[in-house]
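Colleague: Mind looking over this structure? Questions follow.
The values are calculated or read from the model by the stated rules, or taken from the named source; none is laboratory data. Since the model is a prediction, treat every value here as computed from it, not as a measurement. With ideal geometry, Cβ positions are generated from the backbone for all residues, glycine too; neighbour counts draw on all protein chains shown. Ligands, DNA and RNA are stripped out before the accessible areas are found, and what is left, the full protein with its side chains, is counted by its heavy atoms. Shrake-Rupley method; radii C 1.70, N 1.55, O 1.52, S 1.80 Å.
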Amino acid sequence: WMGGSIGSISGYTPEEIFEKGCWLPFVHPDDREAVSAYLFSLLPGDMKSIDFRFIAKHGEPRWISEKARCVAGEQEGELILYGAATDITEKREVVEKLRESEELFRLFMRYTPVYTYIKRIEGSTSRVVQLSDNFIDLVGRPAEELRGLTMEQIFSLDFARKLIDDDIAVETEGK
(Lines give C-alpha, C1' and ligand atoms only; values in the text may rest on other atoms or scores of the structure.)
Protein backbone atom coordinates (compact mmCIF):
# COMPACT_ATOMS: atom_id res chain seq x y z
CA TRP A 1 0.00 0.00 0.00
CA MET A 2 2.69 2.46 1.00
CA GLY A 3 4.37 2.69 -2.37
CA GLY A 4 7.16 4.73 -0.77
CA SER A 5 5.11 7.94 -0.52
CA ILE A 6 4.52 8.03 3.23
CA GLY A 7 7.99 6.63 3.75
CA SER A 8 9.58 9.35 1.65
CA ILE A 9 7.57 12.06 3.42
CA SER A 10 8.12 10.71 6.92
CA GLY A 11 11.72 9.56 6.71
CA TYR A 12 10.82 6.02 7.83
CA THR A 13 11.93 3.05 5.80
CA PRO A 14 9.29 0.53 4.69
CA GLU A 15 10.85 -1.93 7.15
CA GLU A 16 10.38 0.50 10.07
CA ILE A 17 6.75 1.02 9.12
CA PHE A 18 6.01 -2.67 8.57
CA GLU A 19 7.73 -3.46 11.87
CA LYS A 20 4.77 -1.70 13.54
CA GLY A 21 2.33 -3.64 11.34
CA CYS A 22 1.29 -0.59 9.32
CA TRP A 23 1.78 3.16 9.34
CA LEU A 24 -1.24 3.93 11.58
CA PRO A 25 0.89 4.08 14.79
CA PHE A 26 2.84 6.98 13.21
CA VAL A 27 -0.32 9.03 12.68
CA HIS A 28 -0.67 11.98 15.06
CA PRO A 29 -2.64 10.81 18.13
CA ASP A 30 -5.34 13.47 17.57
CA ASP A 31 -5.95 12.18 14.04
CA ARG A 32 -5.58 8.44 14.60
CA GLU A 33 -9.28 7.73 15.26
CA ALA A 34 -10.40 9.58 12.11
CA VAL A 35 -7.76 7.88 9.96
CA SER A 36 -8.67 4.47 11.37
CA ALA A 37 -12.38 5.09 10.68
CA TYR A 38 -11.47 6.24 7.15
CA LEU A 39 -9.46 3.09 6.48
CA PHE A 40 -12.08 0.73 7.87
CA SER A 41 -14.83 2.46 5.91
CA LEU A 42 -13.24 1.58 2.56
CA LEU A 43 -15.11 -1.04 0.55
CA PRO A 44 -14.18 -2.62 -2.79
CA GLY A 45 -14.60 -0.02 -5.51
CA ASP A 46 -14.26 2.93 -3.13
CA MET A 47 -11.86 5.76 -3.77
CA LYS A 48 -11.61 8.20 -0.86
CA SER A 49 -9.24 10.78 0.53
CA ILE A 50 -8.35 12.24 3.92
CA ASP A 51 -5.95 14.84 5.30
CA PHE A 52 -4.17 14.09 8.56
CA ARG A 53 -0.96 14.64 10.49
CA PHE A 54 1.81 12.08 10.47
CA ILE A 55 4.73 12.18 12.90
CA ALA A 56 7.90 12.13 10.83
CA LYS A 57 11.00 10.26 11.97
CA HIS A 58 12.61 13.47 13.26
CA GLY A 59 9.50 14.10 15.44
CA GLU A 60 7.90 16.88 13.42
CA PRO A 61 4.27 16.47 12.39
CA ARG A 62 3.70 16.60 8.63
CA TRP A 63 0.29 17.09 7.02
CA ILE A 64 -0.50 14.29 4.60
CA SER A 65 -3.24 14.15 1.98
CA GLU A 66 -3.93 10.46 1.42
CA LYS A 67 -5.96 9.13 -1.49
CA ALA A 68 -6.83 5.45 -1.37
CA ARG A 69 -8.56 2.97 -3.63
CA CYS A 70 -9.94 -0.29 -2.32
CA VAL A 71 -10.26 -3.46 -4.39
CA ALA A 72 -11.32 -6.97 -3.51
CA GLY A 73 -8.51 -9.45 -3.11
CA GLU A 74 -8.37 -12.97 -4.51
CA GLN A 75 -9.46 -14.57 -1.25
CA GLU A 76 -12.90 -14.02 0.22
CA GLY A 77 -12.95 -11.02 2.56
CA GLU A 78 -9.51 -9.87 1.43
CA LEU A 79 -9.22 -6.16 0.69
CA ILE A 80 -6.31 -4.53 -1.06
CA LEU A 81 -5.70 -0.84 -0.58
CA TYR A 82 -3.73 1.27 -3.02
CA GLY A 83 -2.79 4.70 -1.80
CA ALA A 84 -0.87 7.80 -2.67
CA ALA A 85 0.27 10.33 -0.11
CA THR A 86 1.16 13.95 -0.68
CA ASP A 87 2.89 16.22 1.82
CA ILE A 88 0.60 19.25 2.18
CA THR A 89 2.29 20.74 5.26
CA GLU A 90 3.32 23.98 3.55
CA LYS A 91 -0.12 24.38 1.97
CA ARG A 92 -1.81 23.90 5.38
CA GLU A 93 0.53 26.46 6.96
CA VAL A 94 -0.28 29.01 4.22
CA VAL A 95 -4.02 28.37 4.65
CA GLU A 96 -3.73 28.81 8.43
CA LYS A 97 -1.79 32.08 8.05
CA LEU A 98 -4.41 33.31 5.59
CA ARG A 99 -7.20 32.37 8.02
CA GLU A 100 -5.43 34.28 10.81
CA SER A 101 -4.95 37.29 8.54
CA GLU A 102 -8.62 37.25 7.52
CA GLU A 103 -9.63 37.09 11.19
CA LEU A 104 -7.41 40.09 12.03
CA PHE A 105 -8.88 42.01 9.10
CA ARG A 106 -12.43 41.13 10.19
CA LEU A 107 -11.70 42.30 13.75
CA PHE A 108 -10.10 45.50 12.47
CA MET A 109 -13.13 46.29 10.29
CA ARG A 110 -15.43 45.54 13.21
CA TYR A 111 -13.69 47.56 15.93
CA THR A 112 -11.70 50.33 14.22
CA PRO A 113 -12.80 53.79 15.34
CA VAL A 114 -11.86 55.11 11.89
CA TYR A 115 -14.51 55.26 9.16
CA THR A 116 -12.91 52.79 6.81
CA TYR A 117 -13.90 51.48 3.42
CA ILE A 118 -12.11 49.55 0.73
CA LYS A 119 -12.87 50.26 -2.87
CA ARG A 120 -12.28 48.66 -6.24
CA ILE A 121 -11.30 51.10 -8.97
CA GLU A 122 -13.05 50.47 -12.28
CA GLY A 123 -11.80 53.01 -14.80
CA SER A 124 -12.69 56.45 -13.43
CA THR A 125 -15.19 54.99 -10.95
CA SER A 126 -14.55 53.34 -7.61
CA ARG A 127 -16.99 50.96 -5.94
CA VAL A 128 -17.14 49.96 -2.28
CA VAL A 129 -16.18 46.34 -1.60
CA GLN A 130 -15.75 46.37 2.19
CA LEU A 131 -16.77 48.71 4.99
CA SER A 132 -15.96 49.07 8.68
CA ASP A 133 -18.84 48.62 11.10
CA ASN A 134 -18.70 52.28 12.17
CA PHE A 135 -18.80 53.36 8.50
CA ILE A 136 -21.94 51.25 8.10
CA ASP A 137 -23.38 52.87 11.25
CA LEU A 138 -22.51 56.34 9.89
CA VAL A 139 -24.39 55.70 6.66
CA GLY A 140 -27.25 53.90 8.39
CA ARG A 141 -27.77 51.27 5.69
CA PRO A 142 -26.90 47.54 5.64
CA ALA A 143 -23.49 46.56 4.29
CA GLU A 144 -25.08 44.33 1.64
CA GLU A 145 -26.89 47.40 0.29
CA LEU A 146 -23.71 49.50 0.22
CA ARG A 147 -21.31 47.05 -1.41
CA GLY A 148 -20.84 47.79 -5.08
CA LEU A 149 -22.04 51.39 -4.81
CA THR A 150 -20.00 54.47 -5.65
CA MET A 151 -19.43 57.29 -3.15
CA GLU A 152 -21.89 59.40 -5.17
CA GLN A 153 -24.55 56.74 -4.62
CA ILE A 154 -23.91 56.64 -0.87
CA PHE A 155 -23.37 60.30 0.06
CA SER A 156 -24.43 63.72 -1.11
CA LEU A 157 -22.61 64.84 -4.22
CA ASP A 158 -20.53 67.45 -2.34
CA PHE A 159 -19.42 65.03 0.38
CA ALA A 160 -18.75 62.26 -2.18
CA ARG A 161 -16.59 64.67 -4.22
CA LYS A 162 -14.60 65.51 -1.05
CA LEU A 163 -13.98 61.79 -0.39
CA ILE A 164 -12.98 61.22 -4.00
CA ASP A 165 -10.61 64.22 -3.95
CA ASP A 166 -9.05 62.91 -0.71
CA ASP A 167 -8.58 59.49 -2.34
CA ILE A 168 -6.92 61.07 -5.37
CA ALA A 169 -4.58 63.11 -3.14
CA VAL A 170 -3.56 59.98 -1.23
CA GLU A 171 -2.98 58.03 -4.44
CA THR A 172 -1.00 60.73 -6.21
CA GLU A 173 0.73 62.59 -3.38
CA GLY A 174 0.72 60.04 -0.58
CA LYS A 175 -1.09 62.52 1.70
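Colleague: Measure nothing but the geometry: give the 0 to 90° angle between the long axis through the Cα atoms of 157-173 and the longest principal axis through the Cα atoms of the chain, rounded to 10°.
Modeller: Its long axis makes an angle of about 60 degrees.
Colleague: Roughly how many debye, to the nearest 20, is the charge dipole of the chain about its Cα centre, given +1 on each Lys and Arg Cβ, -1 on each Asp and Glu Cβ, and no other charges? Mind showing how you got there, number by number?
Modeller: Numbers: 22 positive and 32 negative charges, 63 e Å.
Taking the Cα centre of the chain as origin, the dipole is about 300 debye.
Colleague: Let me check something: with ligands and nucleic acids excluded, how do Glu152, Glu171 order by accessible area (1.4 Å probe), largest to smallest?
Modeller: On the way: Glu152 80, Glu171 110 Å².
Reading off the accessible areas and sorting them downward yields Glu171, Glu152.
Colleague: Which value in Å does the Kirkwood hydrodynamic radius of the chain take, with 1/r averaged over all unlike C-alpha pairs and then inverted? If you can, show how the numbers build up before the last one.
Modeller: On the way: mean 1/r = 0.0476 Å⁻¹.
For the chain, the Kirkwood estimate is 21.0 Å.
Colleague: Full-extension gain between Asp166 and Arg92, please, as 0.36 nm times their residue separation minus the C-alpha to C-alpha distance.
Modeller: Contour length minus the Cα-Cα distance gives 22.6 nm.
Colleague: Ser8 accessible area, nearest 10 Å², 1.4 Å probe?
Modeller: 90
Colleague: In square angstrom, what is the accessible area per residue of the chain with a 1.4 angstrom probe?
Modeller: Accessible surface, normalised per residue, equals 66 Å².
Colleague: Quickly estimate the mean residue ellipticity at 222 nm for the chain, helices only: each DSSP H run with n ≥ 4 gives -39500 (n - 2.57), and the total goes over all residues, rounded to 500.
Modeller: Working: 8 runs with 77 residues, N = 175.
That calculation yields -12500 deg cm²/dmol at 222 nm.
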